[in-house]
Amino acid sequence: MRLLISGGGTGGHLMPALAVAQAFRAEEPDAAVLLVGKAGGPEERLVPRAGFELETIRIQGLNRDAPLKNLALPAILPAALRRGAAILDAFKPDVVLGVGGYASVPALWSARRRGIPYVLHEQNVQPGLATRMFATGAAIVCVTFPSTRLKAVRTAVTGLPLREGFSRREPRVPPQTLFVTGGSQGARNLNQAVWSALDGLLGRFREVIHLTGRQGAAESVRLQRPGYRPYEFNPDVAGLLREADLVVSRAGVSTLAEITAVGLPAILVPGSFGGGHQEANARSLVEAGAAAMILDRELTGERLLAEIDSLGEERLRSLAAGSAKLGRHAAARQGVRYLRGAAR
C-alpha cells in the first residue's frame with residue numbers, strides 16, 4: 001500500500017500528518033509513505049527528522065484578514081496544481097490523506113481528478129475551506145469534534161491524531177507549574193500578557209514554562225529569572241505537558257487535543273483570525289466543562305492573573321476531569337483503518 005499525506009504549512013496541520021504516518025509505518029513497516037507540504041514550512045525540517053520522504057509545493061492560502069495579500073494567488077495556484085499533479089503521478093498512491101489547510105489542495109485536486117480514493121481529516125469545529133471543497137468526493141471525513149457538521153458527507157469522530165507520549169496524568173492541585181503556549185507560531189498578545197504579569201505568575205507558581213514562538217524569543221531572554229523557562233520552540237510538547245498542572249493557551253486544535261489527552265485544566269485565549277474558528281474550538285471545551293476562556297481582545301496581564309485566581313481547587317479538579325473525558329488516544333490508528341478501507 002502506498003500512502004500520500006497532503007497538508008502542512010503550520011505545526012497544527014503537520015503534527016497530525018506525522019502521527020498518522022508513524023501509526024501507518026508501525027502497522028506496515030515496508031509500505032511507501034510520502035508527505036507533501038508547503039515550501040518553506042516547518043515540514044522541511046520536521047518531516048526528514050521523523051524519517052519520512054517529503055515533497056514541497058510553493059503555495060499560499062486565501063487570506064481573509066488581509067485581502068491584498070491574495071493578489072498573487074492567480075499566478076501561484078495554477079503552478080501549485082501542476083506541481084501537485086506531477087508529484088501524484090510520480091508516486092502513484094493507493095490512497096491520499098488530506099489533513100486540511102491550503103497546502104493540502106494541490107494533491108487532493110489531482111487525486112479527485114484521477115479517481116484516486118482519498119480521506120480527509122477536519123481539525124476544527126467549523127470545517128475549513130479545503131475540507132468543504134473536497135468533502136463530497138472523500139471516502140470519509142474524520143473529524144476531531146462531535147459538533148463538526150458536514151451535510152451529506154460520511155463522517156467519523158476520531159479526535160485528532162497525536163504523536164506518542166501524550167498520556168493521561170493527574171495534575172497537582174493547587175498547581176505548581178504553569179505551561180503557556182501560543183501554538184507553533186507563537187501569539188504576540190499572549191506573550192505580552194505573560195510578560196506583564198510575570199512577577200505575579202512566579203509568585204503563584206513554582207515554574208512558568210513559556211513557548212513564545214520566534215517573535216518572542218529575544219524578549220524572553222531579556223526577562224530571564226529563576227522559575228521562568230521560555231522556549232522559542234520545543235518539539236517535546238508531550239514532555240512539557242507531563243510537568244504542567246495548568247495550561248494557558250491559544251485554541252488551535254492540535255494544542256487542545258494534546259491538553260485533553262493528558263487531562264489538564266486550561267485557560268484558553270482563542271485567536272481572532274481565520275474567521276473565528278479558534279473561538280468555536282474553545283467554546284466546545286468550555287461547554288464540556290474542560291476549560292475557562294478569555295477573549296483575545298480582553299486579555300491583559302491583570303485579567304490573566306484574575307482568571308487564574310478565580311480557579312479554586314474544586315474548579316481545577318472539575319476542569320481536569322472534563323478535559324480527560326474529551327481526550328482521545330487512538331485517532332491515528334483509527335485514521336489508518338479508514339485509509340486502508342478506502343484503498344480497497
For this session: Would you mention how many residues in segment 287-326 are buried (at least 17 other Cβ atoms within 10 Å of the Cβ) and β-branched (Val, Ile, Thr)?
Result: 2
For this session: Hey, could you check segment 1-23 for residues that are part of a helix (DSSP H, G or I) and in contact with a Ser or Thr (Cβ under 7 Å, 6 or more places away or on another chain) and say which is surrounded by the most Cβ atoms within 10 Å (Cβ to Cβ)?
Result: PRO16
For this session: Starting from segment 301-321, keep only residues that are under 21 Å from TRP195 (Cα atoms), then list their pairs with residues that are of a type in the set (Gly, Ala, Ser) and assigned to a loop (DSSP other than H, G, I, E, B) whose Cβ atoms are within a distance under 8 Å, requiring at least 6 positions of separation or different chains.
Result: GLY301/ALA197; GLU302/ALA197; LEU304/ALA197; LEU305/ALA197
Seminar exercise, completed: Within segment 193-222, residues without any contact (Cβ under 8 Å) to a residue 24 or more places away in the chain and under 22 Å from the mean Cα position of the chain (by Cα) come out as ALA217
For this session: Tell me which residues, restricted to segment 144-196, are within 21 Å of HIS13 (Cβ to Cβ), hydroxyl-bearing (Ser, Thr, Tyr) and assigned to a loop (DSSP other than H, G, I, E, B).
Result: THR144, SER147, THR148, THR158, SER184
For this session: Answer with yes or no whether VAL125 is closer than 29 Å to GLY271 by Cα, touching a residue at least 24 places away in the same chain (Cβ under 8 Å) and surrounded by fewer than 24 Cβ atoms within 10 Å (Cβ to Cβ).
Result: yes
Seminar exercise, completed: Checked against (1) out of contact with any strand residue (DSSP E or B) (no Cβ under 8 Å at 6 or more places or on another chain); (2) farther than 18 Å from GLU122 by Cα; (3) of a type in the set (A, V, I, L, M, F, W, C); (4) buried (at least 18 other Cβ atoms within 10 Å of the Cβ), ALA26 satisfies every condition except (4)
For this session: For segment 57-77, state whether one or more residues are within 23 Å of ALA17 (Cα to Cα), modelled with pLDDT of 95 or more and out of contact with any Asp or Glu (no Cβ under 7 Å at 6 or more places or on another chain).
Result: yes
For this session: All but one of (1) assigned to a loop (DSSP other than H, G, I, E, B); (2) free of Cβ contacts under 8 Å to residues at least 60 places away in the same chain hold for LEU264, so report the exception by its number.
Result: (2)
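Quick grid of which residues meet (1) assigned by TED's automatic domain parsing to the domain that holds ASP94; (2) farther than 24 Å from SER147 by Cβ; (3) modelled with pLDDT of 95 or more:
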residue: ALA257; (1), (2), (3): no, no, no
residue: MET293; (1), (2), (3): no, no, yes
residue: ILE308; (1), (2), (3): no, yes, yes
residue: LEU311; (1), (2), (3): no, yes, yes
residue: ARG317; (1), (2), (3): no, yes, yes
Problem set entry | Failed item, numbered, when VAL336 is tested on (1) in the same structural domain as VAL20 (by TED's automatic domain parsing); (2) over 30 Å from ARG154 (Cβ atoms) | (2)
Exercise. With respect to the numbered conditions (1) modelled with pLDDT of 95 or more; (2) among the charged types (D, E, K, R); (3) in contact with an Asp or Glu (Cβ under 8 Å, 6 or more places away or on another chain), which one is the sole condition not fulfilled by ARG214?
Worked result: (1)
Exercise. Can you name the number of the only condition in (1) part of a helix (DSSP H, G or I); (2) buried (at least 20 other Cβ atoms within 10 Å of the Cβ) that GLN215 fails?
Worked result: (2)
Problem set entry | Residue that is surrounded by the fewest Cβ atoms within 10 Å (Cβ to Cβ) [pool: residues in segment 128-157 that are in contact with a Lys or Arg (Cβ under 8 Å, 6 or more places away or on another chain) and among the β-branched types (Val, Ile, Thr)] | ILE140
Problem set entry | Any chance ALA306 is among the hydrophobic types (A, V, I, L, M, F, W, C) and within 18 Å of the chain's Cα centre (by Cα) | no
Problem set entry | Unique residue being out of contact with any Phe, Trp or Tyr (no Cβ under 9 Å at 6 or more places or on another chain), among the small types (Gly, Ala, Ser) and at positive phi when the list is GLY322, GLY312, GLY263 | GLY263
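The values are calculated or read from the model by the stated rules, or taken from the named source; none is laboratory data. This is a predicted model, so every value here is computed, not measured. Please note: Cβ atoms are built from the backbone with ideal geometry, for glycine as well, and neighbour counts cover all protein chains shown.
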